[in-house]
Amino acid sequence: MFETPLIERFSRIHPATPFLFWLPVYGYLAFRAYENGVGLVSGLSLGFLGLFVWTLAEYVLHRWVFHYVGPRLWQRRVHFVLHGVHHDFPQDADRLVFPLGASIPFGLVFYVLFRAIVGPALVDPLFVGFGLGYLAYDGTHYAIHHFRMSSRWGKWIKRHHMIHHHTGAHARWGVSSPLWDYVFGTMKSP
């Protein structure tokens, strides 16, 4: 994809890498929340809120950021690098999960935003839930493209995503959850 070998190398990632990097970070943040006096019920509630917020972030990012193709050449190139390559080569196993060079800055932005909203004491469990939602997205997306999905839910979510990929419809933006497709009316029949 890239002529520069270094850039090419950093555009690829093993699908286990986000889990190996982020799970210890989330474990540390969960422990830090406990150390800061966040109780179990409060921590779990904030975690579920973070997971819910992730579903909206996934929808918004996929629909309005990753599928934005501007009129300028540089905008079309950014689109291709961020997401267009995935639609052109959906079976490329090394480009199905977010590279750390993208997920770490995105994670930092969301962490700072959440900290500004809920404060330093409550940000950690909120971010842990958000991050676990992100990992569920990465894992689900990889599985959809590379595994035979045999469960009822697995078959459904795979079909949901393949309709997004292959029908040309500007719809079905949720990858790990169709929730916001229902809310915003973007399910559209195939």
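The values are calculated or read from the model by the stated rules, or taken from the named source; none is laboratory data. This is a predicted model, so every value here is computed, not measured. Neighbour counts are summed over all protein chains in view; Cβ atoms, including those assigned to glycine, are modelled from backbone coordinates with ideal geometry. Calculation scope for accessible area: heavy atoms of the full protein, side chains included, ligands and nucleic acids excluded. Shrake-Rupley method; radii C 1.70, N 1.55, O 1.52, S 1.80 Å.
Hey, with R₀ at 30 Å, roughly what FRET efficiency would residue 108 and residue 88 work out to, going by the Cβ-Cβ distance, to 0.05? It comes to 0.55. Mean separation of Cα pairs under 8 Å and 6 or more residues apart, divided by the residue count, gives the chain a relative contact order of 30 percent. Using Cβ point charges alone (K and R +1, D and E -1), the dipole size of the chain about the Cα centre works out to roughly 500 debye.
Considering only 65, 187, 75, the residue lying farthest towards the positive end of the dipole of the chain is 187, judged by Cα position with unit charges set on Cβ. Heavy atoms of the protein chains alone define the surface here; on that basis the chain has 57 Å² accessible area per residue at 1.4 Å probe size. Counting only heavy atoms of the protein chains and using a 1.4 Å probe, residue 167 has close to 70 Å² of accessible surface.
Can you give me the % of accessible surface on the stretch 62-190 that is carbon or sulfur? Probe 1.4 Å, all protein chains present, nothing else counted.
The nonpolar share, carbon plus sulfur, comes to 66 percent.
Measuring between their Cα centroids, the stretch 128-149 and the stretch 54-68 lie 15 Å from each other.
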